[in-house]
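Everything below concerns the one structure shown next.
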Amino acid sequence: MTNKDNNSIYFWQESVWAQLTGAWEQQRMPHGLLLAGPAGLGKPRFARRLAGFVMCRDDGPAHRPCGQCKNCSMMAAGSHPDFRWLSVPEDRKTIGIDQAREVVNWMRLTSFMAGYKVVVIDDADLVTREAANSLLKTLEEPAGASLLMLISKRPHGLLATIRSRCQLVRFNRPDNKAALRWLKTQDRSADWPRLLFLAGGTPLRALAMQQDGFADTDLRFSEDLSAIIGGSKDPVAVSIEWAKEPQSVWLEWLQTVVLGLIRARAAGSVKIEECEPVHLIQGAVNINLGRLYRYLDDLVAARQRSERGALRADLMTAAMLIPWACGLKYRSIYQED
């Protein structure tokens, strides 16, 4: 399978694919699957392909989904009557009880194509408790030939009763060297070591960053932070520019940088990897580990509050940049007392 095919799997998914298709061949496919792992590993595309595999009418498992039968044609067109994809509506932040009830009632109906009925719930972490309890009935008493797939970045955030009734399928980051080889087939000119580092080792996030031009943003952030540490830039002035970016972008970038500084300090080196900006590590060499850890805790707390939408973006940006001007000698702002 080539990764240029939008319906194919990626090389780091091959063992999971073999596991689940093998279970299908042995008639051991569970009614509920929890596809868990960090963002950037292609879990949604994997779920769609597995749904196509289950619904395909080709008799040879090695050729499923065949892409030729009527079921495959309808899946490709997005019109298969026995397939549903559930996600957070654009005007909401969660998957609610009304969506869940509609899917539960639909799954009780007889299959239109006399085969499997499949539901995929993307971002299952954002299912409300009421919606989760409604879905639980379907997992406890599956209706006929059916498959419910939950895609999750934080599976422990789901109800324990939901997790216990699904087979956990873990998607792991590929080996760094293998990921870099794959990324170079997409674009040989990009700084993949740095982008893969910023993406937390997940190739698809690194690829998205490259396509969005994040390398330029990374360079700007790095130069700005170095200048604040060195005293040549005013952190408040920098924060005004950074606040133009989504909070999640610069908060995650700072968290990744601080983790890199901690690793570099723990390793006793001013340069831990070729993907680290040396000038930034050298500039922060006098900031001790204790301050870095306290600041990291503050960053995590700030990200949590940001996700709840409880704080003004401009004030948060300034609050997280000003401490760098004094070597992170400050009192924690966002951690709970």
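The values are calculated or read from the model by the stated rules, or taken from the named source; none is laboratory data. Keep in mind that this is a model prediction, so the values were computed, not measured. Methodologically, a virtual Cβ is constructed for each residue, glycine included, from the backbone with ideal geometry; neighbour enumeration extends over all protein chains shown.
Points to keep in mind about this one:
- Test: residue in the range 53-75 that is of a type in the set (A, V, I, L, M), part of a loop (DSSP other than H, G, I, E, B) and either under 26 Å from I95 (Cα atoms) or modelled with pLDDT of 95 or more (or both): no
- P30, sole failed condition from (1) under 15 Å from A145 (Cα atoms); (2) at pLDDT below 95; (3) surrounded by 20 or more Cβ atoms within 10 Å (Cβ to Cβ): (3)
- The range 272-298 residues that are among the polar types (S, T, N, Q), paired with ones that are at pLDDT below 85 (beta carbon under 6 Å, 6 or more apart): Q282/V270
- Test for K93: is it within 21 Å of the chain's Cα centre (by Cα) and surrounded by fewer than 16 Cβ atoms within 10 Å (Cβ to Cβ): yes
- Test: residue in the range 140-153 that is assigned by TED's automatic domain parsing to the domain that holds Q27, more than 25 Å from the chain's Cα centre (by Cα) and part of a strand (DSSP E or B): yes
- Residue among A206, A237, A215 that is in contact with an Asp or Glu (Cβ under 8 Å, 6 or more places away or on another chain) and part of a helix (DSSP H, G or I): A215
- Residue count, the range 102-131 (criterion: more than 15 Å from L148 (Cα to Cα) and either among the polar types (S, T, N, Q) or in contact (Cβ under 8 Å) with a residue 40 or more places away in the chain (or both)): 3
- When the range 133-145 is limited to residues that are modelled with pLDDT of 90 or more and buried (at least 19 other Cβ atoms within 10 Å of the Cβ), the one that is farthest from D191 (Cα to Cα) turns out to be S134.
- Residue among G78, G42 that is at positive phi and within 21 Å of the chain's Cα centre (by Cα): G42
- Taken over the range 99-114, residues that are out of contact with any Leu (no Cβ under 7 Å at 6 or more places or on another chain) and either surrounded by 15 or more Cβ atoms within 10 Å (Cβ to Cβ) or not small (G, A, S) (or both) amount to 11.
- Some residue of the range 212-234 being surrounded by fewer than 16 Cβ atoms within 10 Å (Cβ to Cβ) and on the phi > 0 side of the Ramachandran plot: yes
- The residues in the range 249-287 that are modelled with pLDDT of 80 or more, surrounded by 14 or more Cβ atoms within 10 Å (Cβ to Cβ) and outside any helix (DSSP H, G or I) can be counted, and the count is 2.
- Checked against (1) crowded, with 20+ Cβ neighbours inside 10 Å; (2) in a loop (DSSP other than H, G, I, E, B), E245 passes all but condition (1).
Okay, residues lined up against (1) among the β-branched types (V, I, T); (2) part of a helix (DSSP H, G or I):
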{"site": "E14", "(1), (2)": "no, yes"}
{"site": "W17", "(1), (2)": "no, yes"}
{"site": "T21", "(1), (2)": "yes, yes"}
{"site": "W24", "(1), (2)": "no, yes"}
{"site": "M29", "(1), (2)": "no, no"}
{"site": "A39", "(1), (2)": "no, no"}
{"site": "P44", "(1), (2)": "no, yes"}
{"site": "A47", "(1), (2)": "no, yes"}
{"site": "L50", "(1), (2)": "no, yes"}
